[in-house]
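Student: What follows is a single structure, and I will ask about it in a moment.
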Amino acid sequence: MDIVVDLASWTRAGIGGAMIGIAAALLFSLNGRIAGVSGVLGTLVLDRPAGEAPWRGLFLAGLLLGALLMSLLRPDLAASTLQTGWPGMIAAGLIVGFGTRMGSGCTSGHGVCGMARLSRRSITATMTFMAAGFATVFVMRHVFGAAS
């Protein structure tokens, strides 16, 4: 297992986390909305509320454009290259989307916004996400022998 010990990585992670927190706080204080990505997308696509589409579309476009911009400006920061083709990526996305609807939110909604509001449901959901992640890493490494 690799443990990150260099200060630059911790600094970048801290700055990124602060930016996410500030953005979530601004969306909530200025718009009265929770910055849960699955909720923003699900409401935009499935519910189509009047007057809500512009900010939801801009929110999602900002996520995509921000990732694209970083990949162009700093290709050296790419975490890894996935070996899965488009069918696998689409299937994974659909499974995650189904899970977020079933769980009434995603990691950004529960983990960032719900935890900050001390929501019991969000605290439970976040603990479940973390436990499932730990279990998955353990099984992949120790049962299937996958590299980190």
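Readers should treat all values here as calculations from the given coordinates under stated rules, not as data from a laboratory. Not measured: the values here are computed from a predicted model. Backbone-built Cβ (ideal geometry, glycine too); neighbour counts: all protein chains shown.
Student: Using just the C-alpha positions of the range 1-74 as equal point scatterers, what log10 of I(q)/I(0) does the Debye formula give at each q in 0.16, 0.23 1/Å?
Tutor: Ignoring solvent entirely, the Cα scatterers give -0.73, -1.11.
Student: Roughly how far apart, in whole Å, are the Cα centres of the range 1-69 and the range 92-141?
Tutor: Value for the Cα centre distance between the two parts: 16 Å.
Student: Next question, about the same structure. Which of Ser29, Met140, Met89 sits farthest toward the positive end of the charge dipole of the range 7-142, with +1 on the Cβ of Lys and Arg and -1 on the Cβ of Asp and Glu?
Tutor: Sorting the options by dipole projection puts first Ser29.
Student: Name the long-range amide H neighbours of Ser119: under 5 Å, sequence gap of 5 or more, or other chain; modelled H, no Pro or chain starts.
Tutor: none
Student: Using the Karplus curve 6.51 cos²θ - 1.76 cosθ + 1.60 with θ = phi - 60°, work out ³J(HN,Hα) for each residue of the range 37-43 in order, rounded to whole Hz, and write x for Gly and Pro.
Tutor: 4, 5, x, 4, 5, x, 5
Student: Under the definition of Cα pairs under 8 Å and six or more residues apart, what whole-number percent is the relative contact order of the chain?
Tutor: After rounding, I find 26 percent.
Student: Please give the length that would be gained between Met140 and Leu65 if that part of the chain were fully extended, namely 0.36 nm times their separation in residues minus their C-alpha to C-alpha distance (nm, one decimal).
Tutor: 23.8 nm
Student: Let me ask something else about it. Would you mind telling me which residue in Val137, Val40, Val96 has the biggest mean-square fluctuation in a Gaussian network model of the chain, where springs connect alpha carbons within a distance under 10 angstrom?
Tutor: Looking only at Val137, Val40, Val96, the largest GNM fluctuation is found for Val137.
Student: Now for a separate question. 222 nm [θ] for the chain, helices only, -39500 (n - 2.57) per DSSP H run of 4+, per residue, to 500?
Tutor: -21000 deg cm²/dmol
Student: In a GNM of the chain with a 10 Å cut-off on Cα contacts, which of Thr124, Thr11, Thr43 has the highest mean-square fluctuation?
Tutor: In this elastic network of the chain, the residue with the biggest mean-square fluctuation among Thr124, Thr11, Thr43 is Thr11.
Student: Here is a further query. I'd like the chymotrypsin sites (Phe, Trp or Tyr not before Pro) in the range 73-148 restricted to DSSP loop residues with at most 10 other Cβ atoms within 10 Å, sorted by number.
Tutor: Answer by residue number: Phe144.
Student: Please check: in the Gaussian network model of the chain (C-alpha springs, under 10 Å), which one of Leu46, Leu26, Leu58 has the largest mean-square fluctuation.
Tutor: Highest fluctuation among the options: Leu46.
Student: Turning to a different aspect of this structure: Determine the dipole magnitude for the chain: charges of +1 sit on the beta-carbon of Lys and Arg, -1 on that of Asp and Glu, nothing else is charged, the reference point is the Cα centre, and the result goes in debye to the nearest 20. Working shown, then result.
Tutor: Working: 10 positive and 5 negative charges, 80 e Å.
Dipole about the Cα centre, nearest 20: 380 debye.
Student: Taking 1 over the mean of 1/r across every pair of different Cα atoms in the chain, what Kirkwood radius in Å do you get?
Tutor: 17.7
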